[in-house]
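Attaching a single structure in structure tokens format; questions to follow.
The values are calculated or read from the model by the stated rules, or taken from the named source; none is laboratory data. Being a predicted model, the structure only gives us computed values, none of them experimental. Cβ: placed from backbone, ideal geometry, glycine included. Neighbour counts: every protein chain shown.
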Amino acid sequence: MSSFRTSLHWPVQSRNENALSSVNFDRVARPYRWLEYMSFGPWLERCRNAQLAQLTGARHALLLGDGDGRFLARLLKANPLLRADVVDSSHSMLCILDRRVRRCGPQFVQRICLHHADALEWSPEGSYDLIVSHFFLDCFFPGQLEQFFNRVLPHALPGAQWVISEFAIPRNAVAAYLARGIISLLYRAFGLLTGLRVRALPDYETALLRRGLVLTHNRRSLAGLLCSQVWTLPTPPQK
Ligand SMILES: C[S@@+](CC[C@H](N)C(=O)[O-])C[C@H]1O[C@@H](n2cnc3c(N)ncnc32)[C@H](O)[C@@H]1O
């Protein structure tokens, strides 16, 4: 049976950068999927699933803010040996994810452990060969991401893969102009609906490069507005 381990520590710091207590995706959890299809059609779904075929070797995954669990269900089906920890601060998102996985069958439920927690406060206990964050890193300020990477990366095994989906600024000037408008609109909408205060995409790439991760796959879609990446933690040379 999946377990909800509640490890939230409210209230969290009240400085603007750390004021996550006001961020709550519960209100958007039910309509989330339909809002997504109405705004971006199948593109976000395609972006999430773009690297799926390469993840069949993983055995222990950490899914960060997986939302309603569409990706988790696909991942568990694609890789029958995989077990997964899922962390999300939205109770409603986790409930929808839990129901979705239950519909896949009891053997699927036994392979997941759900953690209702603020990912910035949560301390991983396991070691992971796969970390997944789809449209999650953009919920944080750069300083928060630095702390978060420091907390999570010691739990990534050598050779581990981190799959990331994010919005991005295209290289083409016209597309970049349009993308900035779309991203700003999205941030304002999520700000109103969830209390999110972040208003700009964080530079997570520099932070990952500084920690020694290597960008091994990078696929852009929707005229460069979306990116699907795999970052790999190098294996130390054998002595
Ligand atoms: C923009 S949604 C993305 C959902 C899904 N991964 C997708 O691809 O659509 C962000 C998700 O991250 C969760 N989240 C946001 N901030 C969080 C935090 N500090 N700790 C844990 N989960 C968080 C939200 O509850 C939500 O499920």
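Collect the residues in the range 157-178 that are over 17 Å from residue 204 (Cα atoms), assigned to a strand (DSSP E or B) and out of contact with any Ser or Thr (no Cβ under 6 Å at 6 or more places or on another chain), keeping them in residue-number order. Step through it out loud before you land on a result.
To start, the set of residues in the range 157-178 that are over 17 Å from residue 204 (Cα atoms) comprises 157-160, 171-178.
Subsequent filtering for residues that are assigned to a strand (DSSP E or B) retains 157-160.
Hit for the range 157-178 is 160, nothing else.
Identify the single condition in (1) touching a residue at least 40 places away in the same chain (Cβ under 8 Å); (2) assigned to a helix (DSSP H, G or I); (3) within 24 Å of residue 22 (Cβ to Cβ) that residue 153 does not satisfy, given that it satisfies every other one.
(3)
Could you list, ordered by first residue, the pairs with Cβ atoms under 9 Å in which the first is in the range 189-214 and farther than 27 Å from residue 233 by Cβ and the second is more than 13 Å from the ligand (Cβ to nearest atom) and at pLDDT below 95, at least 6 apart or interchain?
Listed pairs, sorted by first residue: 197/16.
Output the residues belonging to the range 201-233 that are among the hydroxyl-bearing types (Ser, Thr, Tyr) and either crowded, with 20+ Cβ neighbours inside 10 Å or part of a helix (DSSP H, G or I) (or both).
204, 206, 228
Give me the residue from the range 181-200 that is in a loop (DSSP other than H, G, I, E, B) and in contact with a helix residue (DSSP H, G or I) (Cβ under 8 Å, 6 or more places away or on another chain) and, out of that set, surrounded by the most Cβ atoms within 10 Å (Cβ to Cβ).
Checking each candidate, the answer is 196.
Please go through the range 110-150 and give me each residue that is of a type in the set (S, T, N, Q), in a helix (DSSP H, G or I) and closer than 20 Å to residue 235 by Cβ, ordered by number.
Scanning the range 110-150 gives no hits.
Are any of the residues in the range 178-195 away from the ligand (no atom under 16 Å from the Cβ) and not small (Gly, Ala, Ser)?
So far as the range 178-195 goes, yes, one or more of its residues are away from the ligand (no atom under 16 Å from the Cβ) and not small (Gly, Ala, Ser).
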